[in-house]
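The values are calculated or read from the model by the stated rules, or taken from the named source; none is laboratory data. This structure is a prediction, so every number in the text was calculated from the model and none was measured. All Cβ positions, glycine included, derive from the backbone under ideal geometry; neighbour counts span all protein chains shown.
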Amino acid sequence: MKKTYFAYVLLLLVAAACGGPTESVERQTDTLLLTAEGPLYDGSNTATYTWPVDLNTLLGEGYTAADIAKARITGIRITAVNPDNLSLINDITFQLAGSGVAMQKVGFLNPLPANANSVDLVLADEQKGLEAFFGLKEITLVADLNLIQEFEDNLELHAQLTFNFDLKSK
Amino acid sequence: MKKTFALLLALTFALFAQTDSIHSQDAEADLLVGVWEPSHGRARVKIDKIADKYYGKIVWLKEPNDPEKGTPKVDKNNPDESMREVALKGYRILKDFTYKGKREWADGTIYDPENGNTYSCVIKATDDNTLDIRGYIGVKTFGRTDVWKRVAVKK
């Protein structure tokens, strides 16, 4: 009896040491507007957007970065504000950047399909420590674009990101 | 009254001097921005500033196509297999550099597409148009330095 009791206590201690149970949720951002300021030359250009991190909107009231055990991007959809402009882009590489956190490449598409209105990027298998970004005030979204031809104006893209969060149980 | 006036004057001078120093520090930090060519001359890297850090991407390749396939080069040596079709043109090989003063940028990494390895890296400007790029693993002493030249020379 004593042995069973001790084994039970030990099991509880091990479970507690492992960080406790987590809840997995999937959340999609609003449509975010990335801009590459023109005039743009053919070849490599960059569109960016500074995304103010608001966990209350993304996860619900009362959540902080400390509640996120793990974060992972499960979807990146890119749409050109002017649909014709997507055909100017040969390929896209998508990164997250932020103060005090190393830039991380999370998706790409090479080449973009012809005549597409929107594209879903191929996602990186290895996504390390993405949760650190959610402790920042803002995340910079960086889309590197190889353009097929010159473009006089600003090039604007809409991005919608889907994240999977493992949340620590409260 | 005279003392207060003198104090105000001194404070104003100090404020101007500090603002001036911040501006000159920013200008010195942005010396890194531009297009640079490594010593091998097979690529050109454009360094720009995103938020508060510096990043460099390949904007020109002497041989843009894979000699075997005849298609544009991709990051075929990336340790993450899912990312091996990323185009090398536009690839960010320098990441996350912050300015440390005295014409030195640190805390960043450099990626070598030839072998898929990422190294810690420090950058030192030896003059307005020359950079010493030192890649290393662990300790700075055990590394390799390459000299990069600015493509459009700053006068």
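When you look at B:GLY41, is it exposed (fewer than 14 other Cβ atoms within 10 Å of the Cβ) and either of a type outside the set (A, V, I, L, M, F, W, C) or closer than 20 Å to B:ASP128 by Cα (or both), yes or no? Write out each step before concluding.
Values: exposed (fewer than 14 other Cβ atoms within 10 Å of the Cβ): yes; either of a type outside the set (A, V, I, L, M, F, W, C) or closer than 20 Å to B:ASP128 by Cα (or both): yes.
Yes, satisfied.
Scan the stretch B:55-103 for residues that are in a strand (DSSP E or B), farther than 16 Å from A:ASP91 by Cα and facing another protein chain (nearest Cβ under 9 Å) and jot them down.
So the first thing to find is which residues in the stretch B:55-103 are in a strand (DSSP E or B), and the list is B:55-61, B:65, B:72, B:74, B:87, B:92-101.
Next cut, farther than 16 Å from A:ASP91 by Cα only: B:55-56, B:61, B:93-101.
Once the filter is applied, which keeps residues that are in a strand (DSSP E or B), farther than 16 Å from A:ASP91 by Cα and facing another protein chain (nearest Cβ under 9 Å), the stretch B:55-103 yields B:TYR55, B:LYS95, B:ASP96.
Which ones in the stretch B:104-122 are not polar (S, T, N, Q) and not in a loop (DSSP other than H, G, I, E, B)? Before the answer, list the steps.
If we filter the stretch B:104-122 for residues that are not polar (S, T, N, Q), which is where we start, we get B:104-108, B:110-114, B:116, B:119, B:121-122.
B:GLU104, B:TRP105, B:ALA106, B:ASP107, B:GLY108, B:ILE110, B:TYR111, B:ASP112, B:TYR119, B:CYS121, B:VAL122 - these are the residues of the stretch B:104-122 that are not polar (S, T, N, Q) and not in a loop (DSSP other than H, G, I, E, B).
Kindly state which strands (runs of 3 or more DSSP E) lie completely within the stretch A:18-62 and contain at least 2 residues that are surrounded by fewer than 16 Cβ atoms within 10 Å (Cβ to Cβ) and hydrophobic (A, V, I, L, M, F, W, C). It would help to see each step written out before you state the result.
Values: elements: A:22-28, A:32-36, A:43-52.
Answer list for the stretch A:18-62: A:32-36.
Check every one of the strands (runs of 3 or more DSSP E) wholly within the stretch A:96-158 and list those with 3 or more residues that are within 12 Å of chain B (Cβ to nearest Cβ).
Strands (runs of 3 or more DSSP E) meeting the threshold: A:101-109, A:138-147.
Given the structure, is B:LYS124 modelled with pLDDT of 95 or more, surrounded by fewer than 21 Cβ atoms within 10 Å (Cβ to Cβ) and closer than 15 Å to B:GLY34 by Cα?
So B:LYS124 fits the description; yes.
Got a sec? Which of B:ASP66, B:ASP107, B:ASP80, B:ASP132 is on the phi > 0 side of the Ramachandran plot and at pLDDT 95 or above?
Values: B:ASP66 fails: on the phi > 0 side of the Ramachandran plot; B:ASP80 fails: on the phi > 0 side of the Ramachandran plot; B:ASP132 fails: on the phi > 0 side of the Ramachandran plot.
B:ASP107 is the lone residue from the list that is on the phi > 0 side of the Ramachandran plot and at pLDDT 95 or above.
Among what's in the stretch A:63-95 and is of a type in the set (Gly, Ala, Ser) and in a strand (DSSP E or B), pick the residue that is farthest from A:ILE148 (Cα to Cα). Give the derivation first.
Initial filter on the stretch A:63-95 (of a type in the set (Gly, Ala, Ser)): A:65-66, A:69, A:71, A:75, A:80, A:87.
From what is left, the residues that are in a strand (DSSP E or B) are A:69, A:71, A:75, A:80.
Working: A:ALA69: 41, A:ALA71: 34, A:GLY75: 25, A:ALA80: 15 Å.
Filtering first and then ranking leaves A:ALA69.
When you scan the stretch B:127-139, do you find a residue that is in a strand (DSSP E or B), more than 13 Å from the chain's Cα centre (by Cα), farther than 16 Å from A:THR93 by Cβ and of a type outside the set (Gly, Ala, Ser), even just one?
Initial filter on the stretch B:127-139 (in a strand (DSSP E or B)): B:127, B:130-136.
Now restrict to residues that are more than 13 Å from the chain's Cα centre (by Cα): B:127, B:136.
This time we only want the ones that are farther than 16 Å from A:THR93 by Cβ, so: B:127, B:136.
Keeping just the survivors that are of a type outside the set (Gly, Ala, Ser) gives B:127, B:136.
Yes, some residue in the stretch B:127-139 is in a strand (DSSP E or B), more than 13 Å from the chain's Cα centre (by Cα), farther than 16 Å from A:THR93 by Cβ and of a type outside the set (Gly, Ala, Ser).
Of the residues that sit in the stretch A:59-80 and are more than 17 Å from A:GLU131 (Cβ to Cβ) and at pLDDT 95 or above, which one is farthest from the chain's Cα centre (by Cα)?
My answer is A:THR79.
What tally of residues in the stretch B:125-155 results from selecting those that are of a type in the set (Phe, Trp, Tyr) and touching a helix residue (DSSP H, G or I) at 6+ places or on another chain (Cβ under 9 Å)?
Kept after step one, since they are of a type in the set (Phe, Trp, Tyr), are these residues of the stretch B:125-155: B:136, B:142, B:148.
From the residues that got through so far, the ones that are touching a helix residue (DSSP H, G or I) at 6+ places or on another chain (Cβ under 9 Å) too are none.
Residues meeting the conditions: 0.
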